[in-house]
Each structure stands twice: as structure tokens, then as C-alpha cells.
Amino acid sequence: MLKPLSLATLNKVSKDSRPLIDRAELAPRVVHFGLGAFHRAHQAVYTEAAAAASAQPWGVAAVAPRSQSIVDTMRAQDCLYTVTDRAPGEPRPRVVGSIVEALSMHRDSARIHDLVSEPDVSVITLTVTEKAYFRRAGNGRLDTRAPEVAVDLVTTGTPRTVVGALAHALATRYRRNGAPISVVSCDNITANGSALHTVVRDFVEASLWPDREPLLDWLATSVAFPATIVDRIVPATTAGDQAAASTALGLSDAVPVVAEPYRQWILEDSFAADRPPWELDGALFVPDVAPHQLRKLRLLNGTHSALAYVGSAAGFVTVADVLRSEWGERFVRRFCAEMATTLPGSNVAAYVDELVERFRNPAMQHQLRQIGSDGSLKLPERWFGALRSILAQSKSAPLLELAMAAWVRTTGPYEETGMTDPSDAVLADCWRGARDAVDVVRRLLGALGAPDLAGHTDFVSAIGAHLPALTAGRIEV
Ligand code: CS2
């Protein structure tokens with residue numbers, strides 16, 4: 001029976017697997033919302049390296065918006081956990097030490113407000129996924145009619161949504177000292193900085209707070225919302241990963257993360273206050289992230305979603321399974337070629353070659369089910385911008401049509417894909433009483449806030465025409 005990983009047992013770990021920093025030298029100076037595997041394999045790793053290289057005390061207080069069990073488990077391990085690079089060969093887990101506090105958004109509200117108001121805390125980062133933003137389909141404004149948001153707007157207690165919790169905590173900072181701060185969205189949303197700024201501003205505007213006007217001014221002048229692109233493929237950790245990481249470490253780690261070796265972080269260089277020197281670990285600070293962001297969202301995430309739906313129609317389970325099929329690599333390359341026509345300065349050959357290798361990595365067990373979930377929020381980000389620009393030039397988009405049809409299939413009443421979506425009920429409704437497949441497609445596009453796409457008759461008919469073959473599991477690439 002292995003002893004649990006903790007500060008007390010850390011000396012049992014081989015030297016090259018220990019944290020890069022001495023925990024005692026860190027203080028909480030970044031507050032992060034979203035304590036999932038992605039954060040632990042990405043921002044927490046960059047922050048640890050930045051603290052180590054600069055000898056500055058950048059520690060992270062990480063807030064779990066929903067799960068209490070991750071908080072309890074992290075606390076039981078003194079917030080230590082391992083990251084294993086998924087490469088062929090023996091797993092070599094390394095302990096990461098940058099998270100200094102684990103908090104529950106629901107239970108630790110007072111502590112979160114104290115931290116966010118602390119002048120030394122100058123950065124808030126978020127990895128909370130698209131659905132936590134409560135954006136209205138089509139215009140990206142805060143959906144103030146969503147029941148959870150409506151409750152948060154009037155509560156004097158603990159907010160239930162991340163946007164509510166963030167707005168409440170920022171309001172407390174404004175009232176206590178008003179020190180400038182940067183709020184950094186790390187979610188896969190186009191112009192994620194301004195998307196987050198918009199929903200936070202909408203929340204404050206719709207609140208009943210008597211000081212909302214000066215608070216809005218402060219948000220506009222003293223709070224920066226830089227845009228960022230984060231990149232690292234991090235599949236959900238399995239029981240097998242956990243056993244392998246613990247055995248290799250010699251201590252039991254209940255919350256290990258496995259991730260591909262590749263990682264990237266590009267940030268808009270427009271911070272309002274001090275920040276960790278993430279560039280010391282390879283992060284790039286640029287004046288404008290937009291071209292990088294479009295490339296990543298359309299080529300990596302766009303292709304990922306396409307593989308999820310088309311691959312699951314063919315009966316595959318993981319991304320690497322699809323890449324092993326006769327048509328997998330061809331599909332990725334053709335899909336990227338179609339997307340690339342919508343990218344500025346579209347020389348993407350090297351990026352696509354690297355993508356094929358990343359998707360092919362046989363050591364990754366990245367489930368199509370995980371990527372395909374929340375499609376109603378992901379597709380507008382990943383596919384619709386590209387589709388609009390292709391259709392505006394009166395060109396056709398055969399691969400996007402096939403991918404769209406494969407997504408449509410997953411929303412149907414008879415499909416058991418294991419994928420989930422916050423709009424499941426709305427999507428299922430699009431099938432009820434529909435005249436034919438084309439009618440279903442039109443209704444689905446309307447539900448996703450894209451009635452303009454529903455108006456392209458050839459496009460919609462082409463999607464409908466793919467459905468019989470896909471339903472029979474035949475992929476024609
Ligand atoms: C994936 C992403 O699950 C998904 O939707 O496309 O999580 C993807 O793995 C990351 O964005 C890679 O950086």
C-alpha cells in the first residue's frame with residue numbers, strides 16, 4: 001500500500017520528479033477558477049516554472065466551481081499532484097508545486113473575496129469551459145434569463161455561477177481598495193478576453209448594486225481582460241493512469257494528470273498589473289492574438305470536433321483510433337485545407353503536419369465522447385466563422401458539411417454517443433415534428449444562433465444528404 005503524496009512524503013520522491021520550487025517560498029498571488037486537469041497541466045505548470053526561474057513567489061489559489069471532491073483530495077495532498085507527459089515508454093510523473101490553496105467556490109466564498117481583494121493578488125485566470133460564460137447564442141451577451149444567472153443577480157449570499165462569483169469578488173476588490181488587476185480567460189472562445197469582459201460587465205449592469213456605475217468605470221479603466229490562446233491536449237485521467245502514476249512515483253496520487261508533451265500559451269500583452277513572468281517558460285506575449293487564435297480554434301479545435309462526430313459515427317472511441325483508420329489522416333488534412341482557406345496568410349503546412357502527429361499519439365486515450373460534448377457551444381466558435389466566410393464567397397465546404405451532418409446525427413433521438421450538451425433538451429426538440437432531415441438541420445442551426453447559415457439552401461441540403469450514410473456508419477472521405 002503506497003503512502004499518499006504530501007509535503008511530508010515529498011522526500012521519498014526522486015529528486016528530478018520533485019517540484020521546481022520550495023512551496024514555503026510561494027504566496028497566493030494568482031487566483032484561478034477551474035481546478036480541472038487542464039489547469040493543472042497548463043497554467044499551473046507555467047506558473048511553477050516562472051516562479052522558479054524568477055525567484056518570485058507566484059503561487060496559485062485554485063477555485064473549483066462545482067466539485068467539492070477535487071478540493072478535498074487536493075487538500076489531503078497539500079495541493080501537490082503529478083503531471084505525466086504522455087509519450088511512448090515508461091510513465092515519468094513529476095510533482096507540481098505551484099498550487100498553494102484549493103478552494104470551493106460554494107463553500108469558501110469569504111476566502112475568495114479576501115484573496116481577490118488582496119493587492120498582491122494581481123491576476124485571475126480561468127479555465128471554466130464555454131458553458132460557464134452563459135453567453136446568449138448569436139450575440140455573446142450574458143444570458144440574464146438563465147435561472148442560475150438570474151438568482152446570482154439578486155443574491156446577497158454565495159453566487160452559483162462563475163460569472164456571478166467573479167463579478168461579486170471584483171466588486172469587493174473595487175470597494176476595498178480598487179487596485180488594478182488582470183482577468184485572463186483561458187477558454188477556447190474567439191476573443192476570449194473581451195467575451196469575458198462583456199459577460200462580467202453585463203452582470204454588473206444588470207445587478208441591483210447601488211455603486212454599479214462607478215464599478216463599471218473601474219472595470220473599464222483598471223481591470224484588463226487580455227485575450228489568450230492555451231494549447232495542450234489533456235484527456236480525462238483514467239483509473240489506469242492513476243495507478244501508473246502512483247506506482248512510478250512510489251506514492252499514491254489521487255489526482256494525477258496525463259497530457260501530451262506539447263504545450264503552448266500565447267497572451268495579449270495588455271496586463272493591468274504585475275503578472276508571473278510566464279515568458280520564462282516559453283509563453284509568448286504579443287500585441288494581437290487574433291491570428292493565432294483563429295488558427296488554433298479552426299485547425300486544432302475545429303478538426304478535433306469534426307473527428308469526434310465523424311469518428312463516433314464510424315464506431316471509434318478515441319482520436320488515435322480514428323487516425324489509425326484508412327481515412328483518418330486524409331480527413332484531418334482535407335478538413336484543415338478547407339479551414340485554411342479562411343485563415344489570413346494561410347501557410348499552415350507545418351502546423352497541420354504537427355497536428356497529425358499530435359492526434360496520432362498512441363499513448364493518448366483521448367475520448368471522442370469528451371471532445372464531442374457541449375457541441376452547441378463549441379461549434380459556433382470552431383466552425384461557424386469559417387463556414388460563413390466560405391459561403392460568403394459562394395464556395396462549398398464539403399468536409400464541414402460532412403462534419404456538421406455527423407454532429408446532427410449525435411443530436412438525434414436514437415443515438416447513444418455518451419456525449420452531453422447543456423442544450424440537449426432544446427436540440428432534441430428540433431427533431432420533434434420536423435418535416436424531414438433538412439428541416440431538422442435548419443432548426444438546429446437556428447437553435448445554435450445561426451439562422452443565417454440555415455438560410456443557405458445548398459449547404460443545408462448537403463448536410464441532410466449525408467445523414468443516411470452516416471447513420472449506417474459509412475464514412476465517405
Ligand atoms: C478539445 C480541447 O475537448 C475539446 O473540445 O478540442 O480540449 C483541446 O484538446 C484543447 O483545446 C487543446 O489545446
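Here, each number is a calculation from the coordinates, and none is a lab measurement. Please read these numbers as outputs of a predicted model, since none were measured by experiment. Neighbour counts are summed over all protein chains in view; Cβ atoms, including those assigned to glycine, are modelled from backbone coordinates with ideal geometry.
Things worth noting here:
- In this structure the amide hydrogen of residue 104, modeled in the peptide plane, comes within under 5 Å of the amide hydrogens of 64, none closer than 5 places in sequence on its chain.
- Set of aspartates and glutamates with alpha-carbon distance to residue 12 below 18 Å, sequence-local pairs under 8 removed: 22, 78, 253
- The chain: angle of helix 398-410 to the longest principal axis, Cα-based, in degrees nearest 10: 70 degrees
- Judged by the ratio a/c of the largest to the smallest principal axis of the C-alpha gyration tensor, the chain counts as oblate, that ratio being 1.5 or greater while a/b is no larger than b/c.
- Nonlocal amide H pairs with residue 81, under 5 Å, H built at 1.01 Å: 96
- Sparse-neighbour loop sites [chymotrypsin sites (Phe, Trp or Tyr not before Pro); segment 368-477; at most 10 other C-beta within 10 Å; DSSP]: 414
- Cβ-based net charge around residue 206, under 15 Å, with every Lys or Arg adding one and every Asp or Glu removing one: -1
- Taking 7 Å steps out from each Cα toward its Cβ at residue 6 and residue 141 produces label points 5.2 nm apart.
- Residues of type lysines that residue 395 reaches as a straight line, Cα spacing below 29 Å, ignoring anything fewer than 8 places off in the same chain: 296, 378
- Antiparallel DSSP beta bridges within the chain, percent to nearest 5: 25 percent
- When only Cα pairs below 8 angstrom with a gap of at least 6 residues are kept, segment 1-145 shows a relative contact order of 30 percent.
- The chain, relative contact order [Cα under 8 Å, separation at least 6], %: 15 percent
- Rounded to the nearest 10 degrees, the inclination of helix 43-54 to the longest alpha-carbon principal axis of the chain is 40 degrees.
- Helical content alone sets the calculated 222 nm signal of the chain at -12500 deg cm²/dmol, taking -39,500 (n - 2.57) per DSSP H segment of four or more residues and averaging over every residue.
- FRET E, pair residue 434, residue 269, Förster distance 45 Å, beta-carbon r, rounded to 0.05: 0.40
- Check: segment 164-251 dipole with +1 on Lys, Arg Cβ and -1 on Asp, Glu Cβ, in debye: 240 debye
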